[in-house]
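Everything on this sheet refers to the single structure shown next.
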Amino acid sequence: MTEMAMLYDSSVCTACKGCQVACKVWNELPSPLVKNSQEWSGSLQNPADVNDTTRMIITFNEADNDKRWGIDWTFGRRSCMHCTNAGCVDVCPTGCLSHDEHGFVVADDDKCIGCQYCRSACPFDIPRHTGVGLDGMGIKLNKCTMCSDRVENGREPACVSTCQPGALLFGTREEMLAKAAEKVAKLKERGYADASVYGAEEVGGTHIIHVLHRGLDRYELPENPQVHGMIETENLMKTLTAVGAVGVVAGLGLSFATGIGYRRDEQRYDEASHDVIDVDTGEIVKHIDKEAGER
């Protein structure tokens, strides 16, 4: 199956947040309805981060440009990056997280046990969970699945389909990377010296490709993201556990093999003579001296 990807172009994004709304509508994720229920952070970035009911947000970097009333706006996107080397998939103990045929990281909610290892393993700190902090029960994963249910039916992800300025595109990963490289070249010609493509190589290559028209420090994206070291430790433990299990099975098999044909001698106790007698040969194996206190 063809590898697919989403392209986000920060130089085109107007931060209308239509993508955030489309994500919530398609995935039936609630929003708080109480007036002023969310704390004002001083930024138009709202909510401040992904959470148990918000799978993606548009990030705002608002830098003073030293001009009267002037602000340099830089908009970005924060969501699951659908990494090729996905630490969340590697660390998931139940197989809840996996790659689909397009390379997206998808989740099977029925398999999630709420351990939250996936969040610890993610270099982008993305996966969130519902039901955390109440009674500890019913914790379930909540993250972008690239609208795999729509893609399977020949449709674009909900956020892409609603993007009015065309900042979001969807297609084969090869095609999206080519468009990203072409756009970065044009941006550099226009004077954006720090323009770059993000996601081409990071974490084995992601399936959300970013065109950044300003420096990386203006976006909520890590430089050189790495899969958490806990993954290597867990893989080592899995290997050691497997070796131990093989050793136990081999030992049981050897014990069984050496025991084939073995037959314990049958004996009986004569209450009159206090002798232990071999049933097959009739020989006295042992005499128990009751008067001496033997048992």
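The values are calculated or read from the model by the stated rules, or taken from the named source; none is laboratory data. Remember, predicted model here, so these are calculated numbers, not experimental data. Reconstructed Cβ throughout: ideal geometry from the backbone, glycine too, with neighbour counts over all protein chains shown. Each accessible area value is taken on the protein alone, full model and side chains, heavy atoms only, with ligands, DNA and RNA left out. Shrake-Rupley method; radii C 1.70, N 1.55, O 1.52, S 1.80 Å.
Pairs LYS67/LYS186; LYS17/LYS111; LYS111/LYS143: which exceed 23 Å Cα-Cα?
Beyond 23 Å between Cα atoms: LYS67/LYS186; LYS17/LYS111.
For n ≥ 4 DSSP H runs only, could you compute -39500 (n - 2.57) per run for the chain, divide by its residues and tell me the 222 nm figure to the nearest 500?
-8000 deg cm²/dmol
What number do you get for the stretch 4-227 when its Cα radius of gyration is normalised by 2.2 N^0.38 Å, N = residues?
1.02
Cut-off 10 angstrom, C-alpha nodes, Gaussian network model of the chain. Which of THR162, THR74, THR258 fluctuates the most?
Result for the chain, Cα springs under 10 Å: THR258 fluctuates most.
Provide the gained length on full extension for the span SER161 to HIS274, in nm with one decimal, where the gain is 0.36 nm per separating residue minus the Cα-Cα distance. Intermediate values should be presented prior to the final figure.
Numbers: separation 113, 0.36 × 113 = 40.68 nm, distance 9.41 nm.
The SER161-HIS274 span can extend by a further 31.3 nm.
How much accessible surface does LEU29 have with a 1.4 Å probe, in Å² rounded to 10?
30 Å²
How much of the accessible area of the chain, in percent, comes from carbon and sulfur atoms when a 1.4 Å probe is used?
52 percent
Tell me which aspartates and glutamates have Cα within less than 12 Å of LYS286's Cα, excluding those fewer than 8 residues away on the same chain?
Those aspartates and glutamates meeting the cut-off are ASP270, ASP275, ASP278, GLU294.
First check a/c for the stretch 1-56, with a ≥ b ≥ c the square roots of the eigenvalues of its C-alpha gyration tensor; if it is under 1.5, answer rounded, and if not, answer prolate when a/b is larger than b/c or oblate otherwise.
oblate
Might you tell me the accessible area per residue for the chain, computed with a 1.4 Å probe and given in Å²?
Here the per-residue accessible area is 59 Å².
Using a 1.4 angstrom probe and counting only protein chains, how large is the accessible area of PHE75 in Å², to 10?
Here the accessible area works out near 30 Å².
Leaving ligands, DNA and RNA out of it, work out the accessible area of CYS115 with a 1.4 Å probe and give it in Å² to the nearest 10.
Result for CYS115: roughly 50 Å² accessible.
Would you work out which of ILE260, ASN46, ILE71 lies farthest towards the positive end of the dipole of the chain? Charges go on Cβ: Lys and Arg +1, Asp and Glu -1.
Highest projection toward the positive end goes to ILE71.
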